[in-house]
Structures are given as C-alpha cells and as structure tokens.
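Input: one structure, supplied below.
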Amino acid sequence: MKKVSIAVFVVLALFALVKWYQSSSTTLAISSYTGPYKDGTYTGTSYSNQYGNVQVATIVSGGKITTINFLSAPSDRAHSAELSAYAKPYLQQEAITSQNANVNIVSGATLTSESFQQSLQSALNQAL
C-alpha cells in the first residue's frame, strides 16, 4: 500500500511539473512565410532557456532578410559559449537562405536553436 501511495504521489508531482512548464514557457508559432518583408531593422524578443538568453536583430533590404545579428546567446559557461559559437553561423545562414525562422535545429544546441527561431520570428512579425 505504501509503494502505491508513493507511486501515485510521484505521478501527480510529475504531472504538476509538466503543467507548470507548459504554462510558464511562451512559444510563438514559427511561420514558413518567406516574404516579401518591409525593409528595416527589427529586434526580436529575448527568449531564455536553461543555458541563457537568445535575442536577434534582423535587417531586411529589398523585401528580403539580408542580415541576422545575435544580440545575445548563451555564453555563461564555456560549453554554452562553444555551442553558441558553433550554432550561430548555421542558424543565421539557414534563416537567410530560407527567408523565414523555420530553420533546422542544430544538433547539440537544441534549446539555443529553438530560442533563435522564437526571437527571429518575433522580429519578422514586425516586418510583415
């Protein structure tokens, strides 16, 4: 009986944790829209993950994404900085090539990639 009550408690605690996480994480629908966008410089919202914040600014010229700059990326730990340095050029290039925030996740930098998508999408929403 005691094992059953502990198991029920653990299941309920996990359920509550999942519900809390779902309610505390803000996600933005990632669009496959490829423009044209309004010319200008747009700063995305900063999105945090357990390794740090990611925020980008994008430059649109001639209706197309031409530049994406990281304003912040995880760097407080050596490994986080290494992964960010590895992932940033791939994320930037893929977004410029695809002309949207719907980019592939960089292996080993999943949370940074997802935060990049979110921040870029919030910047691109301003350019619509």
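We did not get these values from a lab; they are worked out from the coordinates using the rules stated. Predicted model, so just to flag it, every value in this text is computed and none were measured. Counting neighbours? That spans all protein chains shown, and the Cβs are built from the backbone with ideal geometry, glycine included.
Amide H of Asp39: which non-local residues (sequence gap of 5 or more, or other chain) have their own amide H closer than 5 Å, using H built in the peptide plane?
Answer set, sorted by chain and number: Gly63.
In bins 5 Å wide, starting from 0, what share of all Cα pairs of region 40-126 does each bin hold, as a percent?
3, 18, 30, 27, 14, 7, 2, 0
Starting with the highest mean, order 78-90, 103-115 by the number of other Cβ atoms within 10 Å, averaged over the residues of each peptide.
Numbers: 78-90: 15.9, 103-115: 18.2.
Averaged packing, sorted descending, gives the order 103-115, 78-90.
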